[in-house]
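The values are calculated or read from the model by the stated rules, or taken from the named source; none is laboratory data. Every value quoted in this text rests on a predicted model; they were computed, and no experiment measured them. Ideal geometry is used to build each Cβ from the backbone, glycine not excepted, and the neighbour counts take in all protein chains shown.
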Amino acid sequence: MAKPSETPQLRRVDKQMSEVQLHELIVRGYCGRLGTVGADAWPYIVPLLYVFLDGEIWVHNTRASGHLRANVEQASAVCFELDEPGKVFPYGRFECDTSIAYRSVVIFGRIRIVEERAQKQAFFEAFMAKYGDPAWVRPRNLFPRLDQVTVYAIAIERMTGKETPLPPLEKQWPALDRTKSPEAKADP
């Protein structure tokens with residue numbers, strides 16, 4: 001099995017995000033997708049809300065043993081992706097000469113099941129600080145169903161981030177024609 005350091009490097013280095021931008025996106029991102037592989041070698045991806053806690057990605061799911069838990073128990077290598085889509089824009093005169101402004105992060109790491117109740121509670125406190133509404137009038141930091149959920153932590157081994165910013169209008173078609181379609185001819 002390839003180690004994260006042996007995985008292909010980022011091909012489009014011209015789109016590479018800085019470490020500061022990576023961290024900003026990870027902290028503020030809304031939802032990520034966790035990729036695992038089953039014993040049958042089939043990939044499985046599940047969207048999850050998450051928090052960035054102690055330099056790791058933390059997620060949760062039911063305590064019941066399902067597809068995700070079975071995959072995690074058989075192999076700890078995972079991939080976690082999050083993105084921030086922007087506006088779709090034209091850069092050339094043909095429909096296929098279209099792009100999207102975006103930012104995305106892909107994280108390779110090792111996942112573990114968090115059993116320690118204090119760590120699980122710390123996760124949920126951070127989770128509610130991120131996703132909860134301060135106006136909600138409910139008891140704070142009280143999680144009576146900690147034993148009914150599984151909390152996972154992903155130790156980051158490698159991560160990359162890419163972005164395509166939205167170009168200003170003067171750099172978008174029709175103001176600027178950057179058609180990339182091979183052998184395309186303009187309409188007469």
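Checked against (1) surrounded by 16 or more Cβ atoms within 10 Å (Cβ to Cβ); (2) on the phi > 0 side of the Ramachandran plot, residue 105 passes all but a single condition, namely (2). Based on this model, can you work out whether residue 123 counts as over 22 Å from the mean Cα position of the chain (by Cα), among the hydrophobic types (A, V, I, L, M, F, W, C) and either under 30 Å from residue 13 (Cα atoms) or buried (at least 18 other Cβ atoms within 10 Å of the Cβ) (or both)? So residue 123 fails the test. Looking only at region 51-67, residues that are modelled with pLDDT under 95 and either surrounded by 16 or more Cβ atoms within 10 Å (Cβ to Cβ) or aromatic (Phe, Trp, Tyr) (or both) come to 1 in all. Looking across region 90-131, the residues that are part of a strand (DSSP E or B) and among the aliphatic types (A, V, I, L, M) come down to 100, 101, 105, 106, 107, 111, 113, 114.
Looking only at residues of region 158-182 that are aliphatic (A, V, I, L, M) and closer than 14 Å to residue 89 by Cβ, we find that the one that is surrounded by the most Cβ atoms within 10 Å (Cβ to Cβ) is 166. Give region 55-82 a look and list any residue that's in contact (Cβ under 8 Å) with a residue 40 or more places away in the chain, under 22 Å from residue 146 (Cβ atoms) and either of a type in the set (Phe, Trp, Tyr) or not in a helix (DSSP H, G or I) (or both), or say none. Result: 56, 57, 58, 59, 60, 61, 62, 63.
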